[in-house]
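Here's the structure we're looking at; comments come further down.
Readers should treat all values here as calculations from the given coordinates under stated rules, not as data from a laboratory. Because the structure is predicted, anything quoted here is derived from the model rather than measured. Cβ sites come from the backbone with ideal geometry, for glycine too, and all protein chains shown count toward neighbours.
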Amino acid sequence: MSWAPRTIEHNALERAAMRVLFAIVVARHVPSSLAHLQITLPNGLARLVDLHFLLDPEVFAIGRYLLWAALILYVLRIGWSIALPYMTAFSIAAGSVNNSHGAISHYLQIVSLVLCAQTAAHFYSLVRRKREAGSGAAAQREQRVIYWSQQAIVATYLVSALTKLIRTSGMWFFQSPLIALQIIKTNDQDRYDNLGAGSYESASAIADWIVQHPLLTGIVLSAGLLLELIAPIALFGRGFAAAYGLSLLLFHATVHRVMKLHFLYNEYLIWIYLVNVPFWILLAWRAIGRRRQAVGRNALQN
């Protein structure tokens, strides 16, 4: 067994399915309109570029139409030198506006990061195209795009873990029970946003339990930190990626249940690029096909 990260070989059907699924994620993660927002505290790209024009519904609608055109090119695997930079720029711009009205959310960031990785991988391949010429060159270039996407996802979780350790000066285990305060804050916000009780009582009960069991809370949350720290293991092969991806999905389900924080787009990308649902569906389909053939041969022999 090799203990060095390696690129997973994906067949043509896998790659096509990944393109379609990722295009759907990109289309969904961009809001239908930004007109209800204001750029009061510029964040990200909005600090460098005046993005007020995106608040105009007509302008933003045109931007979304162009995004759909770029997504079609992306799925068809043509014109990536135009499609990928546009998809990336539009995603970052929309995310910057969304985070510039006084409150910051994180649900757009991982999609923008993966788009950045795919754009960089594509143009890197163009630089190397003379060295990688041949019948399998196109497939090899797309393999690089997928691999860099996986690295971007892994880096997101590894950086998250390192940030926790740095911000707590290595005292995450002892400070993690303070998450009870964040749970109360998050659920108060949700309550006032929706003007209903919702799961407020259950959230309060969870926060109370955390305060009363700080040692157990530290153990559980430190396990989540450890999961993020070992993120690079997902790059060691298809089996590692799937096992680690499923572990992350369980982690996110726990966070959603306890803190009411749902990282939906993280989960989408984990299903696509780490768990790799298209591969397992194809594998099951082929296994069923072989089984049917074996049954047919046995029936003929009998």
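Some values worked out for this structure:
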| item | result |
| --- | --- |
| Dmax and Rg, reported as Rg then Dmax, of the range 89-146 (C-alpha, Å) | 15.8, 51 |
| Sorted by Cβ neighbour density within 10 Å, fewest at the top, the residues 87, 18 | 18, 87 |
| For residue 262, distant residues with modelled amide H under 5 Å away | none |
